[in-house]
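Engineer: Once you've had a glance at the structure underneath, I'll fire off some questions.
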Amino acid sequence: MKILVAFFTFLITLSITSLSAHTYKPITVSQKDMDYMGLTTTTVDENYTGKGIPFSAVIDFDGKEGYTRTTSSEVIVVNIYKKEGQKVKKGEKIAEISSNELSNLFFEYQNTLSKYNVAKDIALKDKKLFEEGVISEREAQASHLAMNEFKLKLGEITYTLTLFGIDVNNPRGKYGFVVRANGSGTLSVAPNYIGQKIPAYSPFIRISTSKKLLATIRVPLSMKDNISVGDVVMDSNGNVIGYVGTVSVVVDKNSNSISAIANITNTKGSDYKVGEIIEVYISGSIPSNAFVVPTDAIIKNNNDYLVFKKTKTGFLPINVNVLEERDNAFIITSPEIKKGTSIASGSLVTLKGIINGVGEGE
């Protein structure tokens, strides 16, 4: 029994060793055979000249130049005058919003305004009476302090309503409180439909005063070290459209990614629309120990990625580690590959067939 167990243990160990240290035998191929099979050779390089890694990007205005409207409580959109992408002028109606909190806030504004006006009249009369010597300075100061208290509270409520975009002198529309533009420009963010709920403390309106565009790119966490500030950004045709301006250090837990912001700098950018999703390519950086091989110079064989290193008599199949796939290229590492190594390219399926014994015995 012990002998049988030892035998099976030996077989398992042998299998694991074979899998972990799998090597391939050299292939003898003449130049005539290469021509017949459609094979050529290419040289391994450290530099990448393709478009780069493909990503999806969302076009938006540069938010540094513009205006925003923010809620301090949840509201509902009850009317819409302007939509995203439209031009607006300062003071122009954009939408109408409504909520119990907003109604209570405006009622408090009106109540405080009334109290302030009464306190103001009293303070002015007391000041005159003090100057005439009718009342003491303390009594005049008390009424002045009461007026200031209501003035400060009135300013605080007015500021909150202004954040919503509500003009306290002309607040109401047909169905709710009117939100007005606090500057002239293009609406890059605006309510989309009647009945839409706007969460508390959310910028629900943004007006851009600049024509500058940005592209927000989601970068998988596994690629975060390959993207850096200054990297060139290209479109699907290989045209340079901008560069990476910032790379976030905060991970989005929902998508397990970080965001990179690209500045759109060329005239092509004027063709893009805010909110449009486009495909972009970023060349990025390549690890110091990695090399670039074209897609037609690497082939998958079961779980292995193989390149075929040129020898005097043909090719030597080498299992390489693929770090990432880019536009028309793979980034690889292997101790047996270095800059200038000549490898096969083209119809590698024939070489794969040879190492797997396809056609033998026919």
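Engineer: Which ones in region 230-244 are within 12 Å of Ser283 (Cα to Cα) and of a type in the set (Val, Ile, Thr)?
Structural biologist: Answer for region 230-244, where residues must be within 12 Å of Ser283 (Cα to Cα) and of a type in the set (Val, Ile, Thr): Val232, Val233, Val240, Val244.
Engineer: Further question: When you go through Pro203, Pro220 one by one, which is the residue that is assigned by the TED database to the domain that holds Ser248 and modelled with pLDDT of 85 or more? Can you show your working first?
Structural biologist: Numbers: Pro203 fails: assigned by the TED database to the domain that holds Ser248.
Just one listed residue meets the conditions, Pro220.
Engineer: For Gly346, state whether it is under 17 Å from Val29 (Cβ atoms), assigned by the TED database to the domain that holds Val292, surrounded by fewer than 19 Cβ atoms within 10 Å (Cβ to Cβ) and within 38 Å of the chain's Cα centre (by Cα).
Structural biologist: Working: under 17 Å from Val29 (Cβ atoms): yes; assigned by the TED database to the domain that holds Val292: yes; surrounded by fewer than 19 Cβ atoms within 10 Å (Cβ to Cβ): yes; within 38 Å of the chain's Cα centre (by Cα): yes.
For Gly346, the condition - under 17 Å from Val29 (Cβ atoms), assigned by the TED database to the domain that holds Val292, surrounded by fewer than 19 Cβ atoms within 10 Å (Cβ to Cβ) and within 38 Å of the chain's Cα centre (by Cα) - is met.
Engineer: Here are the criteria: (1) closer than 29 Å to Phe55 by Cα; (2) more than 38 Å from the chain's Cα centre (by Cα). Tell me which single one Phe315 does not satisfy.
Structural biologist: In the conditions (1) closer than 29 Å to Phe55 by Cα; (2) more than 38 Å from the chain's Cα centre (by Cα), Phe315 misses (1) alone.
Engineer: Return yes or no: is Tyr272 exposed (fewer than 15 other Cβ atoms within 10 Å of the Cβ), touching a residue at least 24 places away in the same chain (Cβ under 8 Å) and not assigned by the TED database to the domain that holds Thr333?
Structural biologist: Numbers: exposed (fewer than 15 other Cβ atoms within 10 Å of the Cβ): no; touching a residue at least 24 places away in the same chain (Cβ under 8 Å): yes; not assigned by the TED database to the domain that holds Thr333: yes.
For Tyr272, the condition - exposed (fewer than 15 other Cβ atoms within 10 Å of the Cβ), touching a residue at least 24 places away in the same chain (Cβ under 8 Å) and not assigned by the TED database to the domain that holds Thr333 - is not met.
Engineer: Suppose we filter Lys87, Lys93, Lys128, Lys32 for residues that are more than 30 Å from Ile227 (Cβ to Cβ), surrounded by 15 or more Cβ atoms within 10 Å (Cβ to Cβ) and among the charged types (D, E, K, R); which single one remains? Spell out how you get there, then give the answer.
Structural biologist: Values: Lys87 fails: surrounded by 15 or more Cβ atoms within 10 Å (Cβ to Cβ); Lys128 fails: surrounded by 15 or more Cβ atoms within 10 Å (Cβ to Cβ); Lys32 fails: surrounded by 15 or more Cβ atoms within 10 Å (Cβ to Cβ).
The unique qualifying residue is Lys93.
Engineer: Please go through region 303-349 and give me each residue that is in contact with a Ser or Thr (Cβ under 7 Å, 6 or more places away or on another chain), in a loop (DSSP other than H, G, I, E, B) and small (Gly, Ala, Ser), ordered by number.
Structural biologist: Selection gives Gly340 alone.
Engineer: Would a scan of region 283-290 turn up a residue that is at pLDDT 90 or above, of a type in the set (Gly, Ala, Ser) and farther than 30 Å from Lys83 by Cα?
Structural biologist: Initially, region 283-290 is screened for residues at pLDDT 90 or above, giving none.
For region 283-290, residues at pLDDT 90 or above, of a type in the set (Gly, Ala, Ser) and farther than 30 Å from Lys83 by Cα: absent.
Engineer: Return the residue satisfying two criteria in turn: it lies in region 150-173 and is without any contact (Cβ under 8 Å) to a residue 24 or more places away in the chain and in a helix (DSSP H, G or I), and of such residues it is surrounded by the most Cβ atoms within 10 Å (Cβ to Cβ). Don't jump to the end; show me each part of the working.
Structural biologist: Within region 150-173, the subset without any contact (Cβ under 8 Å) to a residue 24 or more places away in the chain is 152, 155-156, 159, 162, 169-170, 172.
Now drop any that are not in a helix (DSSP H, G or I), which leaves 152, 155-156, 159, 162.
Working: Leu152: 11, Gly155: 12, Glu156: 12, Tyr159: 9, Thr162: 14.
Per the criteria, the residue is Thr162.
Engineer: Looking only at region 224-234, decide whether some residue is buried (at least 17 other Cβ atoms within 10 Å of the Cβ) and part of a loop (DSSP other than H, G, I, E, B). It would help to see each step written out before you state the result.
Structural biologist: First, pick out the residues of region 224-234 that are buried (at least 17 other Cβ atoms within 10 Å of the Cβ): 226-227, 231, 233-234.
Next, only the ones that are part of a loop (DSSP other than H, G, I, E, B) stay: 227, 231.
Yes - at least one qualifying residue is present in region 224-234.
The values are calculated or read from the model by the stated rules, or taken from the named source; none is laboratory data. Every value quoted in this text rests on a predicted model; they were computed, and no experiment measured them. Quick reminder, even Gly has a Cβ in these numbers, built from the backbone with ideal geometry, and neighbours come from all protein chains shown.
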